[in-house]
Structures are given as structure tokens and as C-alpha cells.
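After the C-alpha cells below, expect a handful of questions from me.
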Amino acid sequence: PEYYVLGAGDEIGISIWGRSSMDNEYTISKDGYIKILNGKQRVLLKGLTLTQAREKLFKVFDIYFEFEEGQFEITLNYSRTIQITVYGDVLNPGPITIPALNTAFSALVAVNGPSDIGSVRNIKLIKNSGETKIIDVYEYMNNPSVAKNYYLEDADIIVVPVVEKVVTLGGAVNRPFKYELKEGENLKDLLAYAGGLKENAFTKNIQIRRFEGDRMDILDVPYAELVKKGGSFGLKNGDFIFVKSISSIAENFVMING
């Protein structure tokens, strides 16, 4: 992909056609350079995306060759391999070696994902540079393009912590399931993750079963009224939320024929 970040060991191909013609392959050295023009000039590419490298090399080769826009191309012929380490609550923790084309999401798949108690929304990607990024799988599922923000480099670390808040949603919703919620997320957010309510959902009263203080409480939430007033309802770890369905059985009706 165009957002791929080049590094030592990557092999790129550069092609020029038109008035000038060239088709060569170059491997990025450990110090991040490629040597062009029979080794007479070095060009630093390490840390650049494929798009940035293309723009830079276009300007360099434009000095020595005659070609127009659209007559210059750079391709990634071979991707380097990197070693990263995955810690925490995953099914197969430890070091793994994968092509650098992969993102952090691919690395999580390679270790068979988080365990039953592993978080999918507060995963830490600790870069070799010291920078830390928080990975949210829900965000990725709704917008896969965010994967480009979590590219991997050699010696990166992924840490999957224990999940903090999990609730169970059932009844008249499009995706009844268990969901992990972040701090500050509420009933409205939960229903959005579940794909919304079904057309026969009874919104006047949503029931919540909650364990608190050595007892179980049943809470009736006037959801339709809350939404109308611009509010929502906070949830706690272990809550079970059930959305009732409107009965399809007709009662107390009169039919007139003729």
C-alpha cells in the first residue's frame, strides 16, 4: 500500500520510459540509503512512505534523465521481515517474525488474537522509538483505513491488557453479543456498536440486570425518553442489557366486513 514505510532490507524497482529508459532494482542498506548512478549518489529512503519515496526519487532522477509525468514508477519488489513481540492476554504470546507489509492488526491475527479476558479496545503498540499508540479493534472494524496508522517496525512491542468493562446485549438488536466498552461510553454507544435496534424494538423501557453490592438489581431504563432529552445511561462491567420486542399478537381489536 502507498502508506507502507520503507526500511533497511526492502528491495524497490525503479522504471523510466519515454525519451530515457531505465529499469533497475535497489536494496535499501542498513543505514537507510540506496546507491544510484553506478554508486555515485546516495538517496535516503528509510522512514519514507512509498508515496514520499516516489516523489523524492522523481526529483532526483529528473536531473539526469528525460521523462514526463507518468513515465516514472517505483514499486516494492520485496518487503523486509521484522521481529516484533506480543505480550499480555493473547492466545500465543511471544516474538514473531512477519513481513513489514503487515500492520498491528495482522500481527494480532498471527498470534490468534486476544484471549477471552484480553482487551480488544485498549491494546498498546509500543514503537521502537518509544512512542505508544492505542489500538481499538472496533474502530478498525468500522473504518479499516485506520490500519495505516499502526504500521510495524523491527523491535516493536504489542501489549494486550486485561479487559476492564464487558457488557452483554440481547433482545431486539441487530447484533446481540458481548461488547467491551471504554471509559465514558454508555447505552447509546453500545446500541450503535450492535448495529442499532430492530424495527420491532420496544424503546420505552430497556431492562438492565446488574450485580452490585452482593445483590442483583433489575433496572428499567426509559430509553426513548432519554434520547428525546439528549441523554443516555451509564453502564458497568457485567451488566446484561435486554431490549424487549413489541408483541405482534393483536389484542382488543374489532373487524368489520361487508
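For the ranges 165-174, 93-102, what's the packing order if you count other beta-carbon atoms within 10 Å of each residue, average per peptide, and put the highest first?
The densest-packed peptide leads the list: 165-174, 93-102.
Compute the projected area of the convex hull of the Cα atoms of the stretch 39-191, averaged over all viewing directions, and report it in nm² to one decimal place.
For the stretch 39-191, averaging the hull's shadow over all directions gives 13.0 nm².
If you don't mind, another one. Hey, what number do you get for the chain at 222 nm if only DSSP H runs of n ≥ 4 count, each worth -39500 (n - 2.57), divided across all residues, to the nearest 500?
That comes out to -4500 deg cm²/dmol.
In the P(r) worked out for the stretch 101-188, what percent of Cα pairs fall beyond 15 Å?
Across the stretch 101-188, Cα pairs with separations above 15 Å total 63 percent.
Carbon-plus-sulfur fraction of the accessible area of the stretch 178-239, 1.4 Å probe, in percent?
The C+S portion of the solvent-accessible surface of the stretch 178-239 is 48 percent.
Ok, one more. Highest first, please rank the peptides 18-24, 244-250 by the mean number of other Cβ atoms sitting within 10 Å of their residues.
18-24, 244-250
Give me the number: length gained by fully extending Lys40 to Lys56, i.e. 0.36 nm times residue separation minus the C-alpha to C-alpha distance, one decimal in nm. The partial results should precede the final answer.
Details: separation 16, 0.36 × 16 = 5.76 nm, distance 1.71 nm.
That works out to 4.0 nm of additional length.
If you don't mind, there's one more thing I want to ask. What whole-number value in Å² describes the accessible area per residue of the stretch 178-249 for a 1.4 Å probe?
Here the residues of the stretch 178-249 average 63 Å² of exposed surface.
Report Rg/Rh for the stretch 180-258, rounded to two decimals, where Rg is the Cα radius of gyration and Rh the Kirkwood radius.
Dividing the radius of gyration by the Kirkwood radius yields 1.12.
Could you run the Debye sum over the Cα atoms of the chain, one equal point scatterer each and no solvent, and tell me log10 of I(q)/I(0) at q = 0.10, 0.15, 0.17 Å⁻¹, two decimals?
Log10 I(q)/I(0), no solvent term: -0.70, -1.05, -1.20.
Moving on. With bins 10 Å wide starting at 0, give me the P(r) of the stretch 35-82 over every alpha carbon pair, in whole percents.
Over the stretch 35-82, the share of Cα pairs per 10 Å bin runs 21, 54, 23, 2 percent.
A follow-up question, please. From the P(r) of the stretch 154-216, could you give the percentage of C-alpha pairs in the tail past 19 Å?
45
Please work out the C-alpha center-to-center distance from the stretch 186-248 to the stretch 32-99 and express it in whole Å.
The stretch 186-248 and the stretch 32-99 have Cα centres spaced 50 Å from each other.
Which three numbers, in whole Å and largest first, are the semi-axes of the equivalent ellipsoid of the stretch 7-48 derived from its Cα gyration tensor as √(5λ)?
Values: eigenvalues 84, 24, 13 Å².
Whole-Å semi-axes of the equivalent ellipsoid: 20, 11, 8.
Give me the aspartates and glutamates in straight-line cross-link reach of Lys133: C-alpha distance below 19 Å, same-chain residues under 8 apart excluded.
Asp89, Glu153, Asp154, Asp156, Glu164, Glu180, Glu183
In the stretch 117-220, with Lys and Arg counted as +1 and Asp and Glu as -1 at Cβ, which of these residues, Ile158, Leu181, Ala192, has the Cα nearest the positive end of the dipole, that is, farthest along it?
Sorting the options by dipole projection puts first Ala192.
Okay, next question. Using a 10 angstrom cutoff on alpha carbons, build the Gaussian network for the chain and name the most mobile of Gln71, Gln83, Gln207.
Greatest mean-square fluctuation among the candidates belongs to Gln71.
Using the alpha-carbon atoms, what tilt in degrees (0 to 90, nearest 10) does helix 50-64 show relative to the longest principal axis of the chain?
It works out to around 20 degrees.
Determine, at each q value in 0.19, 0.28, 0.30 (inverse angstroms), the log₁₀ of I(q)/I(0) that the Debye formula gives when each Cα of the stretch 79-141 is one equal point scatterer.
Here the Debye-derived log intensity ratios amount to -0.73, -1.45, -1.51.
A further question on this structure: Could you look at the stretch 30-141 and say what percent of its accessible area is carbon and sulfur, using a 1.4 Å probe and all protein chains? Don't jump to the answer; show the numbers that get you there.
Working: 3120 of 6290 Å².
Here carbon and sulfur together make up 50 percent of the probe-accessible area.
Rounded to the nearest 0.05, what FRET efficiency do Asp154 and Asn77 have when you use their Cβ-Cβ distance and R0 = 22 Å?
Values: r = 20 Å, r/R0 = 0.89.
After rounding, the FRET efficiency stands at 0.65.
With the other protein chains left in place, how much accessible area per residue, in square angstrom, belongs to the stretch 56-152 at a 1.4 angstrom probe? Before the final figure, lay out each step's value.
Values: 5220 Å² over 97 residues.
Accessible area per residue: 54 Å².
While we're looking at this one, here's another question. Just to be sure I understand the model, the point goes 7 Å from the Cα along the line to the Cβ. What's the resulting Thr168 to Ala250 distance in nm?
3.7
Could you give the dipole magnitude of the stretch 65-124 about its Cα centre, charging the beta-carbon of Lys and Arg +1 and that of Asp and Glu -1, in debye to the nearest 20?
It works out to roughly 520 debye.
Over the stretch 3-123, what relative contact order in percent results from Cα pairs under 8 Å that are six or more residues apart?
Once divided by the residue count of the stretch 3-123, the mean separation gives 25 percent.
The values are calculated or read from the model by the stated rules, or taken from the named source; none is laboratory data. Keep in mind that this is a model prediction, so the values were computed, not measured. Heads up, the Cβs are rebuilt from the backbone with ideal geometry, glycines too, and the neighbour counts pull from every protein chain shown. Note: areas computed on protein heavy atoms with side chains; ligands, DNA, RNA excluded. Shrake-Rupley method; radii C 1.70, N 1.55, O 1.52, S 1.80 Å.
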